[in-house]
Each structure stands twice: as structure tokens, then as C-alpha cells.
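Visitor: So that we are looking at the same thing, I have put the structure below in C-alpha cells.
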Amino acid sequence: MELLKNRILEEASVLSKDVLKLDAIINHQVDPALTMEMGQQFASRFADERITKVITVESSGIPAAFSTAYILGVPLIFARRKKTLIADPDVYSERVPSFTKGIVTDIMVAKQFLSADDRVLFIDDIIANGDAARGLVKIIERSGAHLVGLGVVVEKSFQSGGKQLREQGIRVESLVRIASLNNGTIQFE
Ligand code: 5GP
């Protein structure tokens, strides 16, 4: 997605060789027109999949997931993050480490919102090592729903998350792929 590449070049900053600050367009401020375009891209890539629900993890995944769900005309579920989770028979939960915060959180989805009849599209903001995505994939699998694929706004392809999920047989579609952040420079694939 050329428009997104240009916005990243203009508004993102390289914090280290591993981390890109995307607060201006994804993680703190959101551009609605750009975000609707992201949704359009995901919706057209997965147009033939008879999707019944879009799912993401709060909070930064929500805008792109919302725009995708809006265009597909289906509900959006966002997995919620909890610091501690008392065992609850009505929710699916998974423990995931956070790449940027260095903490572990539990993500949870109420069982009532996912069923074996669902064909689910998972949308996420950024994929690094894939821990957050793997957690939500496990929840989707446990619910019996069919995961049609994962749409990622920014894939850092020098980290292993996207590759590992593809090796697991999951269709991963990224709007931009970043090959390197070395020397403070953003290198797209
Ligand atoms: P993962 O679980 O794939 O290692 O990390 C995924 C999550 O960590 C993303 O949803 C995102 O919130 C955060 N994250 C990972 N790498 C970056 C990065 O380079 N920049 C920003 N802003 N967030 C990141």
C-alpha cells in the first residue's frame, strides 16, 4: 500500500533497530481516511472468504479492524487485555508477552461472541515476534471458529512472527512489510 508507505516515511520514527514509533498514524493518533483505506485493502483481499466476524486485540488493532468490519458489513470483536484474570468459564483466555511493554498480559474473548459457525478475519496493527497474534489464534481455534486469515497493517519481516504464522498454514496479508530498521532507516521489502 503505497499511501501507507509514504505516510510511514513522513510520520514514523525509528526508535531502535527493532522498534518503529507509529504514534502519529496508528498507536496514538488515527487518521480516519487512511484507516478506511486500510479497511478497504483488507476487505478486498479477503473478499471471497464469506467472513462473518472481524477480530482484533485492543487497543491499537481496533481502528483498522473497525474499518474492515464496516466495509465487510460484519461485527467487530476486540479481545480485551486484563492484568490478572480469575478463571472464568465464560471466556477464552491466553497469556501473551507484550513486545513493547515488556510485561505479560492475559487477552480474553467472551465465548458468546465466537462460535464454530464463524468465519473470522483477524486484523492486527503491527506484527513483530507474533506472540500477541499467536495468543488470539489459539483462542479462535479453541472456539471452533474458522480463521480465514490475518491482515496486518505493518509487518516487520526481519522479525519472525509473520513467517511463523505462514508456516503454521495461516494466510497472512500485510499492507506494508519492513525489511530493516538498521542505521535509523526504514527499508521496505
Ligand atoms: P508481537 O507480539 O508480534 O511481538 O508484537 C505485537 C505487538 O507489539 C503489536 O500489536 C504492537 O502493539 C507492538 N509492537 C511490536 N513491535 C512494534 C514496533 O516496532 N512499534 C510499535 N509501535 N509497536 C510495536
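Visitor: Among Val153, Val148, which is in contact with a strand residue (DSSP E or B) (Cβ under 9 Å, 6 or more places away or on another chain), within 14 Å of the ligand (Cβ to nearest atom) and in contact (Cβ under 8 Å) with a residue 60 or more places away in the chain?
Guide: Val153
Visitor: Please work out which residue is most open to solvent (accessible area, probe 1.4 Å), limiting yourself to segment 45-71 and to residues that are of a type in the set (Val, Ile, Thr) and in a loop (DSSP other than H, G, I, E, B).
Guide: Of everything passing the filter in segment 45-71, Thr52 is most open to solvent (accessible area, probe 1.4 Å).
Visitor: Please give the number of the condition Gly73 fails out of (1) out of contact with any strand residue (DSSP E or B) (no Cβ under 6 Å at 6 or more places or on another chain); (2) within 20 Å of Arg171 (Cβ to Cβ); (3) free of Cβ contacts under 8 Å to residues at least 60 places away in the same chain.
Guide: Unmet condition: (2).
Visitor: Quick check, is Ile103 within 16 Å of the ligand (Cβ to nearest atom) and either open to solvent by 10 Å² or more (accessible area, probe 1.4 Å) or at pLDDT 95 or above (or both)?
Guide: For Ile103, the condition - within 16 Å of the ligand (Cβ to nearest atom) and either open to solvent by 10 Å² or more (accessible area, probe 1.4 Å) or at pLDDT 95 or above (or both) - is met.
Visitor: Kindly check whether there is at least one residue in segment 131-144 that is in contact with a strand residue (DSSP E or B) (Cβ under 8 Å, 6 or more places away or on another chain), buried (at least 16 other Cβ atoms within 10 Å of the Cβ), modelled with pLDDT of 95 or more and part of a loop (DSSP other than H, G, I, E, B).
Guide: no
Visitor: Sticking with this one: Can you say whether Asp18 is within 11 Å of the ligand (Cβ to nearest atom) and open to solvent by 10 Å² or more (accessible area, probe 1.4 Å), as far as the supplied structure shows?
Guide: In short, yes.
Visitor: Here's something else I'd like to know. Tell me which residues, restricted to segment 82-140, are touching a Ser or Thr at 6+ places or on another chain (Cβ under 9 Å), basic (Lys, Arg) and in contact (Cβ under 8 Å) with a residue 40 or more places away in the chain.
Guide: Arg95, Arg119
Visitor: What number of residues within segment 145-172 are part of a helix (DSSP H, G or I) and open to solvent by 70 Å² or more (accessible area, probe 1.4 Å)?
Guide: Here the count works out to 4.
Visitor: Can you tell me which residues in segment 9-23 are under 19 Å from Asn129 (Cβ atoms) and either part of a loop (DSSP other than H, G, I, E, B) or touching a residue at least 24 places away in the same chain (Cβ under 8 Å) (or both)?
Guide: Result: Val14, Leu15, Ser16, Lys17, Asp18, Val19, Leu20, Leu22.
Visitor: Restricting attention to segment 29-44, which residues are part of a loop (DSSP other than H, G, I, E, B) and within 17 Å of Asp124 (Cβ to Cβ)?
Guide: Hit for segment 29-44 is Val30, nothing else.
The values are calculated or read from the model by the stated rules, or taken from the named source; none is laboratory data. All of these numbers come straight from a predicted model, not from anything done at the bench. Cβ: placed from backbone, ideal geometry, glycine included. Neighbour counts: every protein chain shown. Keep in mind that these areas ignore ligands, DNA and RNA; they rest on the heavy atoms of the full protein, side chains included. Shrake-Rupley method; radii C 1.70, N 1.55, O 1.52, S 1.80 Å.
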